[in-house]
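No lab work stands behind these numbers, since they all come straight from the coordinates. These numbers come from a predicted model, not from an experiment. FYI the Cβ positions are ideal-geometry reconstructions off the backbone, even for glycines, and counts take in every protein chain you see.
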Amino acid sequence: MPPDLTRFTGTWLWVESQGLVATSTPQVKGASRTLQLQSDLTYEFHQYQGTRDSLLCKGIFSVGESSEIGGSEVVTTLDFDGWYETYEKRMLVSFEGPDTLDLVGVACASCPEHAFVRGRSALFTAEVRRGQGYRRGLWDGLSFELRPRDHGWEMTVLDSARGTENLARITTSAASGPDPRLLEGAQFRESSSRGAKGKASKDGPAWLKVRRFQFSRVSARKDAAGEGEDLDPPGHGTLTVEHLKLSKASAGTPQEIESIRFTTLIEEVRGWAGTAGTARDST
């Protein structure tokens, strides 16, 4: 009987790689990775630094199963045509439940073990003009929006089951300044005057151009004392301002953003919305 491909196909978000001397994670590496296994047996392996997409490799994969003669244990392998690390073109497979996948190369005893969790990922670029709203539908009732405000927009993550509540929680900081979920002309006015006209200045604060956020569709669990558990949210995102144009400055009139072009990466671990936990604590 051929292996059940539905166990393997889908989008897998990289969690960590454990080697003999070190453990690497997206936080340590400063980059996330996404393995996409398609039902037509093609795959793509992407790495994202912020919203910059690097295709590490792509090609065809196959699933193999074997067992020792007289043995009861079945060994499952994935073979990747064109894999970027030659010693990992064939990897042993193990599952921790349906949504956590572990891979380790069979070519060497010291090959690192890679852990992935099932999830969803979207990378998109858009441009909006003053007064316009923007909405990008994602999956399972989730959406990303820019809501127009007097002098710009508010960045929001919405779940259709929770109405208009903004689930986005910023992980970048503006210190005592404005809410980084807001994209407003006043934030960019000073830095824009130091940079090229019509572009976000490279000399401005890092959070101006890159806004990192996280979100969860479920409320934090409470213990007996009413304290919330410190759980990693299942959703993460990054918005990068690629280009913006400010209105002309005039006395007594706040400067507004005439147009803005941005790129956004959003990822969400499967199993959080409407459920009671994750497949792996480190996700």
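A few points about this structure:
- Rg/Rh for the range 5-119 (Cα atoms only, Rh after Kirkwood) is 0.96.
- Exposure proxy order (Cβ contacts within 10 Å, fewest to most) of 114, 243: 243, 114
- Fewest neighbouring Cβ atoms within 10 Å first, the residues 210, 157 line up as 210, 157.
- Virtual spin-label span in nm between residue 107 and residue 161, 7 Å along Cα→Cβ: 4.3
- Computed across the range 64-138, the Kirkwood hydrodynamic radius from all distinct Cα-Cα pairs reaches 16.0 Å.
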